[in-house]
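Worksheet: the structure to be examined is printed underneath.
The values are calculated or read from the model by the stated rules, or taken from the named source; none is laboratory data. Everything numeric here is computed off the predicted structure, so don't read it as measured data. Neighbour counts run over all protein chains shown; Cβ positions are idealised from the backbone, glycine included. Protein only, heavy atoms only, side chains kept; ligands, DNA and RNA dropped before computing areas. Shrake-Rupley method; radii C 1.70, N 1.55, O 1.52, S 1.80 Å.
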Amino acid sequence: MSSSETHRIAVLAGDGIGPEVMREAVNVLDRISTRFGVTFRYDEQLVGGIAIDEKGTALPPETVAACEAAGAILFGSVGGPKWEKLPPAQQPERAALLPLRKHFGLFANLRPGVCFPSLTQASPVKQELIEGGFDVLCVRELTGDVYFGEPKFLGERDGERVAIDTMIYKQGEVERIAHVAFGAAMGRRRKVTSIDKANVLQNGVLWRETVNAVAKEYPDVTVEHLYVDNAAMQLIRRPREFDVVLAPNLFGDILSDEMAMIAGSLGMLSSASLGRAKDSGLHFGLYEPSGGTAPDIAGKGIANPIAQILSAAMMLRYSFGMEEAANAIDAAVKGVIDDGLRTGDIFSGSPGTTLVNTAAMGDAIAARL
Ligand code: IPM
Ligand code: MN
């Protein structure tokens, strides 16, 4: 028996490209295990469409149990055309991902929108606006807002179909996510852009007041408030001026896709969904690529595994306290990009670049570790 530290990971690869890119992330973790002398115990479980097919539900109880027993969840992606005709409440995205977030209290979603200087051609934004790279961290509240607010209703009223979703935030929910954003900004360029719609929504008024109150505890951090519509515009106009973007659940969902596109490819973007910090400073978390299942390329072995690999790095950092290992993975990814390796989503044929498949990209990253 080895005396090394052991970390249990619930591995939920899911659907579409999930299993292909997950294989590469596990490959990279195996390298980390050797190099840093830690043991990872992988508990592979079904989730999403494949779980519907094999067990009749998108989030089987044994999957939840495995997550509860683990120190972190490494998640692939769920959903696909095959399950789109199911009633909305049974579809993989709603029936697996949202309940997992709620069940584990994963209120803080960190989405780094990063475009390396050598990859700016992959961005659809004008080169002069993004030259030198783009590096924004979206801090999205993940367990409140109109996503989970009650009542929720779809049905008949007064002879007409009616839908109701409830947008609701408690001050405490805004405070805790604001602390995450300001804390992150302290380790970065010390600027927080807070997103709301305070000109229309009461939620926005509470959000802005609360963020301003929390900001007083971080005098070194500059705060800017933007209405969400204006933010969508400013992100495209002056992407490099953003550092941390703090957003409620729905607006964060929308703006983080925009940031992903500015950065070039969804295939590069990782994410961490974290619960409250433990006394150790570490968090239980769910780590997943920001992109989806990409059904158009699933099974072809050509998907970009980098988002999944960088998500594994975030897991090491936030759930296992392995900052050095996380940095090593980040550096290995940057290294292969600088070497010119490109999967299809980021390949533009520029000189010095080589088109590679999922496995070759994963192997090259692992080999640098
Ligand atoms: C995301 C996704 C999810 C969300 C969906 C799949 C429920 O779009 O993680 O951004 O809206 O939060
Ligand atoms: Mn989304």
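Could you please find all residues in region 261-278 being in a loop (DSSP other than H, G, I, E, B) and under 30 Å from GLY172 (Cβ atoms)?
Of everything in region 261-278, those that are in a loop (DSSP other than H, G, I, E, B) and under 30 Å from GLY172 (Cβ atoms) turn out to be LEU269, SER270, SER271, GLY275, ARG276, ALA277, LYS278.
Just to be sure I understand the filter: pairs with C-beta atoms under 9 Å, separated by 6 or more residues or on different chains, first member in region 247-270 and more than 19 Å from GLN127 (Cα to Cα) and in contact (Cβ under 8 Å) with a residue 24 or more places away in the chain, second member assigned to a helix (DSSP H, G or I) and of a type in the set (Asp, Glu). Which pairs pass?
Pairs found: ALA247/ASP253; PRO248/ASP145; ASN249/ASP145; LEU250/ASP145; PHE251/ASP145; GLY252/ASP145; GLY267/ASP345.
Within region 166-181, is even one residue aliphatic (A, V, I, L, M), under 22 Å from LEU100 (Cβ atoms) and touching a strand residue (DSSP E or B) at 6+ places or on another chain (Cβ under 6 Å)?
Yes, some residue in region 166-181 is aliphatic (A, V, I, L, M), under 22 Å from LEU100 (Cβ atoms) and touching a strand residue (DSSP E or B) at 6+ places or on another chain (Cβ under 6 Å).
Considering only residues that are part of a loop (DSSP other than H, G, I, E, B), closer than 20 Å to TYR147 by Cβ and open to solvent by 30 Å² or more (accessible area, probe 1.4 Å), which ones fall in region 167-211?
Once the filter is applied, which keeps residues that are part of a loop (DSSP other than H, G, I, E, B), closer than 20 Å to TYR147 by Cβ and open to solvent by 30 Å² or more (accessible area, probe 1.4 Å), region 167-211 yields MET167, ILE168, LYS170, LYS197, VAL200, LEU201.
Filter region 318-347 down to the residues that are in contact with a helix residue (DSSP H, G or I) (Cβ under 7 Å, 6 or more places away or on another chain) and within 22 Å of SER280 (Cα to Cα) and list them by number.
MET322, GLU323, ALA325, ALA326
So, in region 233-256, how many residues would count as being within 14 Å of ligand 1 (Cβ to nearest atom) and surrounded by fewer than 17 Cβ atoms within 10 Å (Cβ to Cβ)?
Final tally of qualifying residues: 1.
Of all residues in region 45-75, how many are open to solvent by less than 20 Å² (accessible area, probe 1.4 Å), among the small types (Gly, Ala, Ser), under 19 Å from GLN90 (Cβ atoms) and assigned to a loop (DSSP other than H, G, I, E, B)?
Result for region 45-75: 2.
Among GLY105, GLY79, which is in contact (Cβ under 8 Å) with a residue 40 or more places away in the chain, open to solvent by less than 50 Å² (accessible area, probe 1.4 Å), more than 23 Å from SER319 (Cβ to Cβ) and not in a helix (DSSP H, G or I)?
Just a single option satisfies the conditions, and that option is GLY79.
Run GLN90 past the list (1) within 16 Å of ligand 2 (Cβ to nearest atom); (2) open to solvent by 50 Å² or more (accessible area, probe 1.4 Å) and report the number of the one that doesn't hold.
(1)
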